[in-house]
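Note sheet for the following structure.
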Amino acid sequence: VPLVESGGGLVQAGDSLRLSCAASGRTFSGYTLGWFRQAPGKEREFVAYIRWSGGSTYYTDSVKGRFAISRENTRNMMYLQMNGLKPEDTAIYYCAASSLQGPTREYEYTSWGQGTQVTVSS
């Protein structure tokens with residue numbers, strides 16, 4: 001499932017951004033969709049996932065209460081609403097797709113987007 005992210009940018013601490021992820025040429029049906037991020041000099045880390053069927057979600061602790069993952073079935077889109085952004089949220093954000101039900105590891109995802117840069121200034 002080819003994926004394309006958009007919505008990154010440069011914001012100030014406390015601001016909000018919404019990232020989008022689109023499937024190119026195929027539906028998300030049956031997949032779990034996730035967001036990962038990679039900060040400079042660090043490994044890529046899990047952020048959140050959503051089950052396309054049923055909509056169950058899961059977040060890493062550092063973003064709970066600030067980020068919200070959602071999907072729009074009719075448009076085959078996934079979103080990551082990021083509120084209360086902090087400088088430590090600065091990273092390249094990737095969307096990914098998995099055929100598993102509760103994937104939080106990078107190797108559990110088989111399709112990846114190219115990433116979108118989010119930079120949060122203090």
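The values are calculated or read from the model by the stated rules, or taken from the named source; none is laboratory data. Model, not experiment: these values are computed from the prediction. For neighbour counting, all protein chains shown are included, and Cβ atoms are generated from backbone atoms with ideal geometry for every residue, glycine included. Just the protein is used for accessible areas: all its heavy atoms, side chains included, with ligands, DNA and RNA removed. Shrake-Rupley method; radii C 1.70, N 1.55, O 1.52, S 1.80 Å.
Per residue, the range 1-68 exposes an accessible area of 50 Å² to a 1.4 Å probe, with every protein chain left in place.
Each Lys and Arg contributes +1 and each Asp and Glu -1, all at the Cβ; summed about the Cα centre of the range 17-91, the dipole is approximately 180 debye. Stretching residue 88 away from residue 16 to a fully extended chain increases their span by 24.5 nm, per 0.36 nm per residue minus the current alpha-carbon distance. Applying 0.36 nm per residue to the separation of residue 39 and residue 70 and subtracting their alpha-carbon distance, the gain on full extension is 8.9 nm.
Just going by the charge dipole of the chain, with Lys and Arg at +1 and Asp and Glu at -1 on Cβ, which of 34, 21, 54 is farthest out on the positive end? It is 54. Rolling a 1.4 Å probe across the protein heavy atoms gives the range 81-122 an accessible surface of 49 Å² per residue. Test of understanding: extend the Cα→C-beta vector of residue 29 to 7 Å, then name every residue of the range 99-120 with backbone N under 17 Å from that spot. Within reach of a label on residue 29: 99.
With the largest listed first and rounded to whole Å, the semi-axes of the equivalent ellipsoid of the chain from the Cα gyration tensor are 22, 14, 14. Using the Cβ of residue 39 as centre and a radius below 10 Å, the other residues enclosed give a net charge of -1, where K and R count +1 and D and E count -1.
Measuring nothing but protein heavy atoms, the accessible surface of the chain at 1.4 Å probe radius is 45 percent carbon and sulfur.
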